[in-house]
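Visitor: Here it is, the structure, as structure tokens.
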Amino acid sequence: VIGGLLVFGVLFAINSSLHSYLIVSYARGDGVSLDVGCYYMSNAAGRLLGTVLSGWVYQAFRLAACLWISSALVAAAALLSLMLPQTRPGATLR
């Protein structure tokens with residue numbers, strides 16, 4: 001369990017720094033603070049909804065259902081990320 005938590009912590013830190021980079025990279029030059037603020041607001045709302053949903057699913061359907069739903073949401077996020085604009089290496093999105 002400790003090893004799994006350590007791996008999760010490292011992956012979470014990498015994912016968090018990547019999100020921070022991407023939101024600034026995708027932000028419009030004239031509205032960076034608005035874009036970043038919207039991102040963090042929606043991130044907080046998603047964390048709240050995820051916490052409530054996972055608690056309810058665990059209470060109602062137990063751990064296997066939590067893992068299946070989590071897997072489905074990860075797959076949905078991966079598919080949605082394919083729709084992000086493509087850029088050349090080293091180019092900015094602005």
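Only the coordinates and a few stated rules stand behind these numbers; no lab work does. Everything quoted here is computed from the prediction, not taken from an experiment. Quick reminder, even Gly has a Cβ in these numbers, built from the backbone with ideal geometry, and neighbours come from all protein chains shown.
Visitor: If ILE2 satisfies every condition in (1) over 23 Å from LEU73 (Cβ atoms); (2) in contact with a helix residue (DSSP H, G or I) (Cβ under 8 Å, 6 or more places away or on another chain) but one, which is the exception?
Guide: Of (1) over 23 Å from LEU73 (Cβ atoms); (2) in contact with a helix residue (DSSP H, G or I) (Cβ under 8 Å, 6 or more places away or on another chain), only one is false for ILE2: (2).
Visitor: Is there any pair linking a residue in region 28-43 that is at negative phi to one that is in a helix (DSSP H, G or I), with Cβ under 7 Å and at least six apart or on different chains, and which?
Guide: Close Cβ pairs satisfying both conditions: ARG28/ASP35; VAL32/VAL24; ASP35/ILE23; VAL36/ILE23; VAL36/VAL24; TYR39/ILE23.
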